[in-house]
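What follows is a short report on a single structure.
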Amino acid sequence: MGGNPLEPFIHAYESISRCVQTHLSHLFLPPQADSRHPHSPPKPTSQPLFSIFSKPPPVANESSALFHRRNEAKASGPLTKEELGRATWTLLHSIAAQYPDQPTRQQKRDVKELMAILSRLYPCKECADHFKDVLKANPIQAGSQEEFSQWLCHIHNVVNRSLGKLTFSCNRVNARWGKLDCPESTCDVGTSDMSIQQR
Ligand SMILES: Cc1cc2nc3c(=O)[nH]c(=O)nc-3n(C[C@H](O)[C@H](O)[C@H](O)COP(=O)(O)OP(=O)(O)OC[C@H]3O[C@@H](n4cnc5c(N)ncnc54)[C@H](O)[C@@H]3O)c2cc1C
C-alpha cells in the first residue's frame with residue numbers, strides 16, 4: 001500500500017521503449033558479430049548507417065575503383081563517329097603543337113603523308129572522302145609550327161562548317177592545344193639521322 005499507482009504504466013513504458021530502441025537500431029545500424037562470441041546474435045553498432053545493404057557502402061577507394069570499372073566498361077564499347085573524330089583531332093592538334101619551328105624536309109614530308117594516309121584510311125568513309133576534297137582545296141602548309149597549326153585549325157574549321165558547327169577562333173589555337181606537359185622535352189618531335197642529313 002502507498003506505492004505509486006502509475007508504477008505498472010511506467011514499467012510498461014520502459015520495456016516498450018527498450019524494445020522499440022533495439023528494433024529500430026537493427027533497422028538503421030549494421031549488425032556486427034561479437035568476435036568473442038561468434039554465435040551470439042549480432043549487436044548494433046553506433047555507426048550511423050542504414051543496414052538495408054548486405055555490405056556496408058563502399059569506402060572512397062572502393063567507390064573510385066567502381067567508378068573506373070564502369071568507365072572502362074563504357075570505354076570498351078564500340079566508338080562513335082564523334083568520339084573517333086575528337087580523338088583524331090586531339091592527335092592532329094597535339095602533333096601540330098609539338099611540330100618544330102624549323103622542320104626538316106623529312107618532317108614536312110611526314111605530315112603531308114600523314115594527311116594523305118588519313119584521307120585514305122580514316123575509318124569513316126564519308127569523312128575520308130570529304131577530307132580528300134578538303135585537302136585538295138587547301139594544300140598542306142607545314143613550313144613551321146605556326147604555319148602548320150594555323151593550317152590545321154583552318155581545315156578543322158572547314159570540317160566544322162560542313163557539319164553546321166561553330167568555327168573555332170584560330171588565334172586561340174595555342175591556348176587550346178599548347179605544348180604537351182612532358183618532363184625534359186620528352187614529347188619533342190625527334191629528328192632521325194636521316195632527317196638531319198636532309199635538312
Ligand atoms: C579528318 C576528319 C574528318 C572528319 N569528317 C567528318 C565528316 O565528314 N562527317 C562527320 O560527321 N564527322 C566528321 N569528322 C568528325 C567531326 O569533325 C568531329 O570530330 C565530331 O563531330 C565531334 O565533334 P566535336 O563537336 O565534339 O568537336 P571536334 O570537332 O571533334 O573538336 C574537338 C575539340 O577541338 C577544338 N576545336 C574545334 N574546332 C577547332 C579548330 N578549328 N581548331 C582547333 N581546335 C578546334 C574544340 O575544343 C573541340 O572541343 C571528321 C573528323 C576528322 C578528324
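Each reported figure results from applying straightforward, stated rules to the coordinates on display, with no laboratory input. This is a predicted model, so every value here is computed, not measured. Using ideal geometry, Cβ is built from the backbone for each residue, glycine included, and neighbour counts are taken over all protein chains shown.
For the peptides 80-86, 106-112, residues were scored by their other Cβ atoms within 10 Å and the scores averaged per peptide; the highest-first order is 106-112, 80-86.
Figure the gain on full extension for Asn160 and Arg86 (residue separation times 0.36 nm, minus the Cα-Cα span) and round it to one decimal in nm. Display every interim value, and only then the final one.
Numbers: separation 74, 0.36 × 74 = 26.64 nm, distance 1.18 nm.
Stretched out fully, the Asn160 to Arg86 stretch lengthens by 25.5 nm.
Could you pull out the pairs from Lys81/Lys165; Lys81/Lys108; Lys81/Lys132; Lys81/Lys179; Lys136/Lys179; Lys125/Lys179 whose alpha carbons sit more than 25 Å apart here? In this structure, Lys81/Lys108; Lys81/Lys179; Lys136/Lys179; Lys125/Lys179 lie more than 25 Å apart at Cα.
Under the convention that each Lys and Arg Cβ holds +1 and each Asp and Glu Cβ holds -1, the size of the dipole of segment 152-192 around its Cα centre is about 380 debye.
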